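Asker: Pasting in a structure now, in structure tokens, and then I'll have a few things to ask.
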Amino acid sequence: MRLSAYFLPTLKETPAEAQIVSHRLMLRAGMVRQSSAGIYSWLPLGFRVLKNIERIVREEQDAAGCQEILMPTIQPADLWRESGRYDDYGPEMLRITDRHERDMLYGPTNEEQITDIFRHSVRSYRELPKLLYHIQWKFRDEVRPRFGVMRGREFLMKDSYSFDVDKPGAMRAYNKMFIAYLRTFERMGLKAIPMRAESGPIGGDTSHEFLILADTGESEVACHRDFIDADLVASDIDYEGDLQHLVDGFTDKYAATDDERDPAKEKELGDALVIARGIEVGHIFYFGTKYSKSMGAVVAGPDGEETALEMGSYGIGVSRLVGAIIEASHDDAGIIWPESVAPFKVGLLNLKTDDDGCVAACDDIYAKLRGAGVEVLYDDRPERAGVKFADMDLIGLPWQLVVGPRGLKSGTVEVKERKTGERPEMPLETALAQLTA
Ligand code: ATP
Ligand code: MG
């Protein structure tokens, strides 16, 4: 993409309304614009990152055997009356009346909707287990929408739902999601720590939140120091194998969100205790028959008796992750994207657009990189070098390929790695080989 043609409305001034760094940087880098409180439009640069995050989430869900569907944003209130949550949910739910005076709502989550689909489609335990997910916009009329996309009112969530005939089956599904979440966040360059959590309005008795530690996190959390020091990666997973020992390896160590903290255990940990602030990027719940009983979602069990489905639900804050990744990865100059979610891999900077040699060289590099399948943002604008450097650092692409007349004379360019700030000069061919590898 040529920057001269790209819609990238960057801001020089720091927007006064933004309290935390990710919100400031997302506005300054032209990624989003606020529509109304907690509701955002995604501009090209931000949308590319959102899509990359969504893709990683999708790939890891698919790998774990979860099947993608798409449910609507608008749901009938009657389903929520059946579960009892229409009244319980309170003012966070956006309630809508259609032209026929039917009560509808903009879904804050989809347990009722999926239970309804399931109860009409599945009759026998033989059709179980099933794991389904969708990636869809949610609406929660938060009292205090803030921090940009981190606590929005409209936000993109991946939510999965598991259906099993008994509790051991449900725990197998829970473990699959537990491991899939570790892998998902790891691929985004995040260390998300699984912590014991309260289930809140979703209900149920087993639940973990996945939190990344950051000073701007909204809640105080505590965990064993091992989580900070060790790698959380779970490699080469056989999702059909026994995952319990793997999950136990994580849950055996102390890690708790604010409601679940245990002063006695924390005292025992002594120096191994870390207290920090956390951002919740994912949350998994086992809630048994809470919805299946109230909504009559039953199957014929092996003995022919009707039995209520054992269920769980599993959420990832896809749009929140855009902000969370920035909170975890930035410096004074701007964003530092991990390569896996970066909007482009390479920024190509032509430092002298009125120099025919530079233009020809850059056009050629641009064609070669694109030919090799590399996503490039080509700064071909007639701007000062200082402006170009500042904009590239702000938008945080992993690599900058800097082309100027002086280097070109000897056939060299500069390759800056955004993360380390290192900017070695090298022959153009070497640079191309490195960036297309
Ligand atoms: P929180 O405690 O932050 O309000 P929650 O526990 O109510 O979140 P869940 O129902 O667990 O949220 O939703 C699953 C995921 O969706 C959360 O882990 C979070 O990443 C994301 N999420 C929840 N609320 C919001 C929001 N208002 N804006 C952006 N993302 C959100
Ligand atoms: Mg939660």
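Asker: Between residue 230 and residue 69, what FRET efficiency follows from the Cβ-Cβ distance if R0 is 51 Å, with the result rounded to 0.05? List each step's numbers first, then the result.
Answerer: Numbers: r = 36 Å, r/R0 = 0.70.
Approximately 0.90, to the nearest 0.05.
Asker: Continuing with this model, one more query. At 222 nm, what value in deg cm²/dmol follows for the chain if DSSP H runs of at least 4 each add -39500 (n - 2.57) and the sum is divided by all its residues, to the nearest 500? Could you put the intermediate results ahead of the total?
Answerer: On the way: 15 runs with 149 residues, N = 437.
That comes out to -10000 deg cm²/dmol.
Asker: For residue 258 and residue 385, what does the FRET efficiency come to when R0 = 45 Å and r is the distance between their Cβ atoms, rounded to the nearest 0.05? Don't jump to the answer; show the numbers that get you there.
Answerer: Values: r = 48 Å, r/R0 = 1.07.
Efficiency computed from Cβ-Cβ geometry: 0.40.
Asker: Calculate the dipole size of the stretch 346-436 relative to its Cα centre from +1 charges on Lys and Arg beta carbons and -1 charges on Asp and Glu beta carbons; express the result in debye to the nearest 20.
Answerer: About 180 debye.
Asker: Further, regarding this structure: Could you tell me what percent of the DSSP beta bridges with both partners in the stretch 346-436 are antiparallel, to the nearest 5? Don't skip to the end; give the middle numbers.
Answerer: On the way: 7 of 16 bridges.
Counting only bridges with both partners in the stretch 346-436, antiparallel ones make up about 45 percent.
Asker: Further question: Near residue 158, which aspartates and glutamates are there with a Cα under 13 Å away, not counting those fewer than 8 places off in the same chain?
Answerer: Candidates past the 8-residue exclusion: 54, 59, 60, 62, 68, 111.
Asker: Cα centroid distance between the stretch 156-200 and the stretch 1-72, in Å?
Answerer: So the separation of the two Cα centres works out to 24 Å.
Asker: May I pose another question? Treating cross-link reach as a plain straight distance, find the lysines whose alpha-carbon is under 16 Å from the alpha-carbon of residue 345, omitting any fewer than eight places away in the same chain.
Answerer: Those lysines meeting the cut-off are 51, 368, 416, 419.
Asker: Using a/c under 1.5 as the rounded threshold, could you call the chain rounded, prolate or oblate? The axes a ≥ b ≥ c are square roots of the C-alpha gyration tensor eigenvalues, and prolate needs a/b larger than b/c, oblate otherwise. All intermediate terms of the calculation are to be shown ahead of the outcome.
Answerer: Details: a/c = 2.04, a/b = 1.81, b/c = 1.13.
Taking the square roots of the gyration eigenvalues as a ≥ b ≥ c, the chain is prolate.
Asker: Could you work out which residue, out of 394, 45, 369, moves most in a Gaussian network model of the chain, that is, has the largest mean-square fluctuation with Cα springs under 10 Å?
Answerer: 369
Asker: Turning to a different aspect of this structure: For the charge dipole of the chain, defined by +1 on Lys and Arg C-beta atoms and -1 on Asp and Glu C-beta atoms about the Cα centroid, which residue among 244, 264, 386 has the Cα displaced farthest towards the positive pole?
Answerer: Value: 386.
Asker: Turning to a different aspect of this structure: Placing +1 on the Cβ of each Lys and Arg and -1 on the Cβ of each Asp and Glu in the chain, which of 25, 149, 232 has its Cα farthest towards the positive end of the resulting dipole?
Answerer: 25
Asker: Now for a different question. Mind checking the full-extension length gain between residue 7 and residue 271? Use 0.36 nm per residue of separation minus the Cα-Cα distance, one decimal, nm. List each step's numbers first, then the result.
Answerer: On the way: separation 264, 0.36 × 264 = 95.04 nm, distance 5.03 nm.
Result: 90.0 nm gained on full extension.
Asker: Restrict the search to the stretch 382-428; then list the trypsin sites (Lys or Arg not before Pro) that DSSP places in a loop and that have at most 11 other Cβ atoms within 10 Å of their Cβ.
Answerer: Details: sites: 384, 388, 406, 409, 416, 418, 419; in loops: 384, 418, 419.
Sites meeting the loop and neighbour criteria: 384.
Asker: Going by the alpha-carbon gyration tensor, a ≥ b ≥ c the square roots of its eigenvalues, is the stretch 72-196 rounded (a/c under 1.5) or, if a/c is not under 1.5, prolate (a/b greater than b/c) versus oblate?
Answerer: Values: a/c = 2.35, a/b = 1.13, b/c = 2.08.
Oblate is the answer for the stretch 72-196, as a/c is 1.5 or above yet b/c matches or exceeds a/b.
Asker: Let me ask you something else. Do any of 130/253; 167/265; 130/176 go past 18 Å between their Cα atoms, and which?
Answerer: 130/253; 167/265
Asker: Which residue, 334, 411, 148, tops the fluctuation ranking in a GNM of the chain built on C-alpha contacts under 10 Å?
Answerer: 411
Asker: Given contacts defined as C-alpha pairs under 8 Å and at least six residues apart, what's the relative contact order of the chain, whole-number percent? Mind showing how you got there, number by number?
Answerer: Values: 868 pairs, mean separation 73.7, N = 437.
Once normalised by length, the contact order is 17 percent.
Asker: Still on this structure, please answer the following. Name the residue from 52, 160, 125 whose Cα lies farthest towards the positive end of the charge dipole of the stretch 23-182, charges +1 on Cβ of Lys and Arg and -1 on Cβ of Asp and Glu.
Answerer: Farthest towards the positive end: 52.
Asker: About the Cα centre, and with charges only on the beta carbon of Lys, Arg (+1) and Asp, Glu (-1), how big is the dipole of the stretch 21-335? Nearest 20 debye, please. Mind dumping the intermediate values first?
Answerer: Working: 39 positive and 54 negative charges, 254 e Å.
So the dipole magnitude of the stretch 21-335 works out to roughly 1220 debye.
Asker: Here's another thing I want to ask about it. Using a Gaussian network for the chain with springs between C-alpha atoms less than 10 Å apart, which of these wobbles most: 258, 379, 238?
Answerer: Evaluated over the chain, the most mobile residue of the options is 238.
Asker: Here is a follow-up. Where both partners of a DSSP beta bridge lie in the chain, what percent of those bridges are antiparallel, to the nearest 5?
Answerer: Working: 69 of 83 bridges.
Roughly 85 percent of the beta bridges in the chain run antiparallel, per DSSP.
Asker: I need the shape label for the stretch 346-436. Rule: rounded when a/c is under 1.5, else prolate if a/b > b/c, else oblate, with a, b, c from the alpha carbon gyration tensor.
Answerer: Numbers: a/c = 1.25, a/b = 1.04, b/c = 1.21.
Because its axes are fairly even, with a/c under 1.5, the stretch 346-436 counts as rounded.
Every number in this text was worked out from the coordinates using simple rules, so none of it is lab data. Please read all numbers here as calculations on a predicted model, not as lab measurements. No Cβ is skipped: glycine too gets one built from the backbone with ideal geometry, and neighbour counts run over all protein chains shown.
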